[in-house]
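Since the structure comes first, as structure tokens, the remarks are kept for the end.
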Amino acid sequence: MRIAKWNEYQSYRQDRGQPPWIKVHRRLMRNHQWVVMSASERGQLVAMWLLAADNDGWLPDDPDLIGKLCYMQPPDIERFVSLGFIELDANMTPDRRQSDPPDKRRVEQKRVEAESRRQADANVESQFAVFWERYPRKVAKPKAFIAFKKALKQAPLQTILNGVENYKAAVAQINQRKKHTDKLDYCHPTTWLNQGRWEDDESYAAPDMRDPATAYLDAKLEEELNVQTSSRQSICDQRDQDVVGALSADPKNS
């Protein structure tokens, strides 16, 4: 059962929880139903208004329970119904009953939020598994997972995976140029993610990443190898010419 016209005479902000007070309108003094009640009945009605404020106008169905909660004798519910102060309607369903725990709605909301977070975490874990399989260097996995969750707030999974493939191709291209030096290694996945490296433009020809001294030594070594190769080729050519000349000068071959 519920206080009649509760929403018409009582209005509160839902985000502030249970109201600390109720409204008693002055025109109540001119209400015939109020006037015909005894003083004790008026006190009981006000007490039930206060009780109903905890549950958006709803009252327990048990008069004895109402009496205990309001610290008074059990009220004559039929009397208040006949005067129009209380409504009995089997089709009316309250958002929550007085007998329910006061924080039942908050508990349910927290449960739903927790379940939503659990599903979101499971989705992130499955996406991270795909990333971890694709990324070429597998170190510091827990830290990489934390960085991956942050990265998902900035870019979708497919964008990150495309960045991984571009990064792998760029490193491979750089390592092709490193003929006589150590190969370039992939950076840690945590670093790659924290730096937003999926946004790198890897489509251009990868630059020479060697330091100047190494590049100079590599160039000199390559030059020396080219000279040696050229010298060997010249020697071979001269030898072939000598052989041909000797054969031409031999009378037996005339």
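Derivation of every value follows stated rules applied to the coordinates shown; laboratory data play no part. On a predicted model such as this, the values are computed, not experimentally measured, just so you know. Cβ coordinates were reconstructed from backbone atoms using ideal geometry, including for glycine residues, and neighbour counts include every protein chain displayed.
One table, with the values for the structure above:
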| item | result |
| --- | --- |
| Net dipole in debye of the stretch 107-199 [+1 Lys, Arg Cβ; -1 Asp, Glu Cβ; about Cα centre; nearest 20] | 380 debye |
| Of LYS110/LYS141; LYS5/LYS110; LYS68/LYS110; LYS141/LYS168, pairs whose Cα-Cα distance is over 25 Å | LYS110/LYS141; LYS5/LYS110; LYS68/LYS110 |
| Selected from LEU184, ILE160, ASN194, residue furthest toward positive end of dipole (the stretch 107-199; charges at beta carbon) | LEU184 |
| Amide H partners (placed H, <5 Å) of ILE86, local residues excluded | ALA4, VAL81 |
